[in-house]
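Trainee: Before we start, here is the structure in question, set down as structure tokens.
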Amino acid sequence: MHNPYRRSVLLITLAVLIAGWLGAYAFTLWRLRDAALSGGLEAATTQARNFEQHLTQTLEMIELIALGLAPGQSTESVGERFGAQMNDALRKAPYLRSLSLADAEGRILYSTTPGNVGSRLALRGFFPDLAADSTMIHIGQRWQGRDLAGAGAFTPLAATKGAASRQPAFIPVLRRIGDNGQPYWVVAAINPEYFVLHFTQLLPETEGRVQLLRHDGTLLLSSRLDELPGHSQAAGRVEDLLAQHESGALAQTLPDGAAVLTAYRASSRFPALIAVHLQRETILENWRSEARRISLVVFPVLFALTVSIVLVWRRQQRLDQRERELAGQRKLAASVFEATTNAVFLTTPGGDVITVNPAFERITGYRADEVVGRNPRLLASGVHDRAFYADLWHGIQENGHWHGEIVNRRKDGSLFHGQLSITAVTDDAGRLLHYVGVTADITERKQYEAEILAAKEKAEAASLAKTTFLATMSHELRTPMNGVIGMTDVLLRSAIDDKQRRQLEIIRASAGALMSILDQILDYSKIETQTLQLADAPFDPAALVGELATLFTPPATAKGLRLRSCLAPDLPACLHADPVRLRQILTNLLSNAVKFTRDGEIVVDASFAAPDRLCIAVSDTGIGIAPEMQQQIFAAFTQVDGSTTREFGGTGLGLASSRRLAEAMGGSLEVASTPGQGSRFTLCVAARRD
Ligand code: ADP
């Protein structure tokens, strides 16, 4: 539960961070855009103010010129008197085509353009409307033509766009001079191109347009040549706003579809106003390139941030995975700790118990809270001496480990046997962290072992008693038997008849057989009681084999068997061992071979394996031994079956004694046999070369 929770917290953090960055980025862009737009509005406002001032100054100049002309004179004298002044004023006013003086009916009395004199000025269409007592500047519609003479009202419908821009035009401005009884009109023909030039110099056509409007909303001129004068509403919502405020700024879409930032400002004194429209797109273009520059910084940073967060996240995931595995291992270890039947305790480096498992409580009888904080020494039984514990601590300090049996005392005072392992737990730097002790309760096993040992000792004692009895018996029997044999021999040498001789010989043979059985029993007893003494005498193995062959040829031949010996060429001429015991074993093997072979042959092989191994094998073509009997025949008093015993006789002691003898001589006696085909007994003994 923990890890998925942490992962989702991380994911959310990541998302929030990225969203935060994107949000901050978007906010910055929005602020910049806002700043660009308000900057645009400010720029438009500044320009509108400048142009308005220019316009006002221009109109003021016209007014001043008009006021400079004194009224109340005859027509001729006005013309004469002011001709020079007007021409003079015109030279200083490059924005005027002409200055003229008209009478109350509009007839041109005098003009700086002589061609104008006499022509009649239509007095309609001015704003504000002309009144006889007006002392205001009146601004007319834009007129078509170079000057008053021959000029006609500008008709937007008739004029094509191209034509409108190319054809000369002027804007008439009127100011009444003279008293009410004899009014005159000073007519100034303003050259629109002068304004257009001024406007386009300060605001190129690509960035926006400047409009000069009359207070009634009529467009007098625009820095955009294709914008036709005479229109109302050419400045969009400016006309509406003007009713409330003399100046203002707004974002809007003009009737021709252009999205603009507009600032307008009415002349402070005259019925005209300036509207500056900055192209919204041009302003936003700057903002866009700014945004692109910021993006160049923001996105790589955002990317790097995301990548690093993802990397951190993945690392965290790997750590989580590792943590899960460790938790699993810890859980496993804890369950082993809980479930094991061995008592486990964990101590500090100082030996104070930190924790014990349930098995510890069960085995020792102490509850965990009774041992925690104490030394495991509280289990000491007093059975072991100081040296035992010294050895234990030495083992731990030297090897980090001690393993051995210990007798401890339970809480109830009873003792128990434990198989104790103490291990020092260190960290990677080798600093000691804990000791862990694990004790298997082996009390029952110990009891069992003790019982077995006692039983074994008892059995061994009984066996020894039996063997000793056998040895004593056979030894005791030999003495009278020697008497029997000795006296039989004496009798045999005395003068006796044939019948008595045959009877005595039977006694003699029987006594001999009995003696050999007694000898075997005595031998076996000696081996069993380990009282047998082995000699270390020099002998010639070839000679030994030769003697035995000579000895066993007569009984073999008597049974129709062939006996031959086969000596390895590298057989040493002299070896050291116990030749008497060797002969005894080989005699036993050969007598068995003769005994258990009805026809065929008996072969004696002798070989020497360096450095000190003499091997003599006796093979026969006799009845053989069943596989399951092949090991049993080496046990004392064992014969393959009753019938063979009856047929072949024997005690079942020969092979048992022989194998023990061979082992006592540092060698072995083995059999390989196939029932019905024959057997091969191989005797190997340690025999030192000279
Ligand atoms: P025993 O005095 O009966 O010969 P051994 O210990 O010498 O006692 O032999 C034990 C038994 O092993 C024999 O009774 C016989 O059954 C079997 N045995 C020993 N040698 C041979 C052999 N060469 N061929 C077949 N059986 C043999």
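Trainee: Could you rank the peptides 333-339, 86-92, 234-240 by their average count of other C-beta atoms within 10 Å per residue, with the highest value first?
Mentor: Per-residue Cβ counts within 10 Å, averaged per peptide and sorted highest first, yield 234-240, 86-92, 333-339.
Trainee: Could the peptides 16-26, 340-350 be put in order, highest first, of the mean number of other beta-carbon atoms found within 10 Å of their residues?
Mentor: Per-residue mean Cβ counts within 10 Å order the peptides as 340-350, 16-26.
Trainee: Counting only Cα atoms, I'd like the Rg/Rh figure for the range 259-327, Kirkwood definition for Rh. Intermediate results must be reported in sequence, preceding the final value.
Mentor: Working: Rg = 27.7 Å, Rh = 17.3 Å.
Checking Rg against Rh, the ratio lands at 1.60.
Trainee: So how do 443, 46 rank on accessible area, 1.4 Å probe, biggest first, that is with the largest at the start?
Mentor: Working: 443 25, 46 60 Å².
Result of the area sort, largest leading: 46, 443.
Trainee: While we're looking at this one, here's another question. Sorting 417, 54, 277 by accessible area (1.4 Å probe), largest first, what list results?
Mentor: Correct descending sequence by accessible area is 417, 54, 277.
Trainee: Whole Å is fine, so just give me how far the alpha carbon centre of the range 95-138 lies from that of the range 354-380.
Mentor: 126 Å
Trainee: Do any trypsin sites (Lys or Arg not before Pro) in the range 423-467 lie in a loop, going by DSSP, with at most 13 other beta-carbon atoms within 10 Å of their beta carbon, and if so which?
Mentor: Listed in order of number, the matching sites are 431.
Trainee: May I pose another question? For the chain, compute the number of Lys pairs whose alpha carbons are separated by less than 25 Å, excluding pairs fewer than 8 positions apart on the same chain.
Mentor: Total qualifying Lys-Lys pairs in the chain comes to 9.
Trainee: Quantify, in whole percent, the carbon and sulfur part of the accessible surface of the range 287-411 (1.4 Å probe; protein heavy atoms only).
Mentor: Values: 4680 of 7910 Å².
Exposed carbon and sulfur together represent 59 percent of the surface.
Trainee: Continuing with the same structure: Working from Cα positions, state the angle (0 to 90°, nearest 10) between the long axis of helix 579-595 and the longest principal axis of the chain.
Mentor: Computed tilt is about 80 degrees.
Trainee: Follow-up question, since we're still on this one. Toward the positive end of the charge dipole of the chain, about the Cα centre and with charges on Cβ (Lys, Arg +1; Asp, Glu -1), which of 629, 546, 272 goes farthest?
Mentor: 272
Trainee: Using Cα atoms only, what is the angle between the long axis of helix 192-202 and the major principal axis of the chain, expressed in degrees (0 to 90) to the nearest 10?
Mentor: 30 degrees
Trainee: Might you work out the accessible area of residue 222 for me, using a 1.4 Å probe with all protein chains in place, and round it to the nearest 10 Å²?
Mentor: Its heavy atoms expose roughly 10 Å² to the probe.
Trainee: Give the long-range amide H neighbours of residue 97: residues separated by 5 or more places, or on another chain, with amide H under 5 Å away, using H modelled in the peptide plane at 1.01 Å from N.
Mentor: Amide H neighbours of residue 97, under 5 Å, 5+ apart: 189, 190, 191.
Trainee: Another question, then. Going highest first, how would you order 435-441, 373-379 by mean Cβ packing within 10 Å? Could you put the intermediate results ahead of the total?
Mentor: Details: 435-441: 20.4, 373-379: 15.0.
Highest mean packing first, the order is 435-441, 373-379.
Trainee: Moving on. May I ask you to give the percent of accessible area on the range 457-580 that is carbon plus sulfur, with a probe radius of 1.4 Å?
Mentor: Accessible surface attributable to carbon and sulfur in the range 457-580 totals 62 percent.
Trainee: Sticking with this structure for a sec: Please report, in debye to the nearest 20, how large the charge dipole of the chain is about its Cα centre when each Lys and Arg carries +1 at its beta carbon and each Asp and Glu carries -1 there. Spell out each step's value before the answer.
Mentor: Numbers: 70 positive and 72 negative charges, 115 e Å.
Once rounded to the nearest 20, the dipole reads 560 debye.
Trainee: A further question on this structure: Which whole-Hz ³J(HN,Hα) couplings does the range 324-334 yield from phi under the Karplus relation 6.51 cos²θ - 1.76 cosθ + 1.60, θ = phi - 60°, glycine and proline marked x?
Mentor: Each residue's phi maps through the Karplus curve to give 4, 4, 4, 4, x, 5, 4, 5, 4, 4, 5 Hz.
Trainee: I've got another one for you. Across the range 469-480, in residue order, what do the Karplus-derived ³J(HN,Hα) couplings come to in whole Hz, using 6.51 cos²θ - 1.76 cosθ + 1.60 with θ = phi - 60° and x for Gly and Pro?
Mentor: 4, 4, 4, 4, 4, 5, 5, 5, 6, 4, 4, x
Trainee: Once you compute Rg and the Kirkwood Rh from C-alpha atoms, what is the Rg to Rh ratio for the chain?
Mentor: 1.73
Trainee: Mind checking the per residue accessible area of the chain for me, 1.4 Å probe, whole number of Å²? Show your work: numbers first, answer last.
Mentor: Working: 36410 Å² over 690 residues.
Accessible area per residue, the chain: 53 Å².
The values are calculated or read from the model by the stated rules, or taken from the named source; none is laboratory data. Every value quoted in this text rests on a predicted model; they were computed, and no experiment measured them. A quick note on method: Cβ atoms are made from the backbone with ideal geometry, for glycine too, and the neighbour counts reach across all protein chains shown. For accessibility, only protein heavy atoms count, side chains too; no ligands or nucleic acids. Shrake-Rupley method; radii C 1.70, N 1.55, O 1.52, S 1.80 Å.
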